[in-house]
Amino acid sequence: MSDKPISGLRRRMIADMTVRSFSDKTQHEYIRQIETFARFLGRSHDTASGDDIRRFQLAQVEQGAQPPKMNSQASALRFFLTVTLGRADLAHQLARTHYPRKLPRVLAAEQVARLIEAAPGPGLKYKTALSIAYGAGLRGGEIVMLRVGDIDSERMLIRVEMGKGRKDRHAMLSPQLLSLLRAASSEDIHCETGNGGSPRKGKVASST
């Protein structure tokens, strides 16, 4: 949606997503998908028809688009058509692709232990990060945002702020992970947090 004639729609869509607290990643993805549709359509979105929607999705399939991509496009277009354009009638033309979901391969405890032990050094920085990811179920972005006050050694909990979906939650803190965090902090390994663009640092051990 970078062409001048539709810059107003782009701004309106961004505003619609912003007031609904969509993450920056989601906004970027939605805009990218709408740009793909704009290139296919070759004219103003206001003139899109149900047939255009069907032709676009068929063209994506013929180009080899996989179900996850098709569904991502459908979600972005559904929001754009329903909210930004106020054309819920067109959104009904969008088809979602159903596909089998395979269970991920689960590593044995011994395999996980070898993976963590193989973490590069120096120090315990990467070993600690992998241990938090596996032992507490935190995502990479959540790990780097941890701060000292998030470690609750009395209740054996890790507080995760603004995690997936911008929601706060608690994760379990095992005794083994707590010991590793203390060992890492003794090497001056810090948990970095972003707050208004100004990172603060603090030793994990100081709160455990």
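Throw me the Rg/Rh for segment 1-93, computed over C-alpha atoms with Kirkwood Rh, two decimals.
Values: Rg = 12.4 Å, Rh = 13.3 Å.
When Rh is taken as the Kirkwood radius, the ratio is 0.93.
So what is the relative contact order for the chain, in percent, with contacts set as C-alpha pairs under 8 Å and at least six apart?
Working: 217 pairs, mean separation 29.3, N = 208.
Reported as a whole number, the value is 14 percent.
FRET efficiency for the pair GLN63 and TYR99, taken as 1/(1 + (r/R0)^6) with r the Cβ-Cβ distance and R0 = 22 Å, rounds to 0.80. The label-point distance for ARG114 and GLU35, in a model that sets each label 7 Å from Cα toward Cβ, rounds to 4.3 nm. Here mean projected area of the Cα convex hull in nm² was computed from the coordinates, and among (i) 15.4; (ii) 10.4; (iii) 13.0 the match is (i). In debye, nearest 20, what is the charge dipole magnitude of the chain about its Cα centre with +1 on Lys and Arg Cβ and -1 on Asp and Glu Cβ, if you could check? I would put it at about 240 debye. The helix-only estimate of mean residue ellipticity at 222 nm for the chain, built from DSSP H runs of length n ≥ 4 each weighted as -39500 (n - 2.57), is -14500 deg cm²/dmol after division by the residue total. Look at the dipole of the chain built from charges on Cβ: of SER44, LEU180, HIS28, the Cα furthest out on the positive end belongs to SER44.
Any read-out appearing in this document is the output of simple, stated calculations on the displayed coordinates, not a laboratory observation. Keep in mind the model is a prediction, meaning the values are calculated, not measured. Cβ: placed from backbone, ideal geometry, glycine included. Neighbour counts: every protein chain shown.
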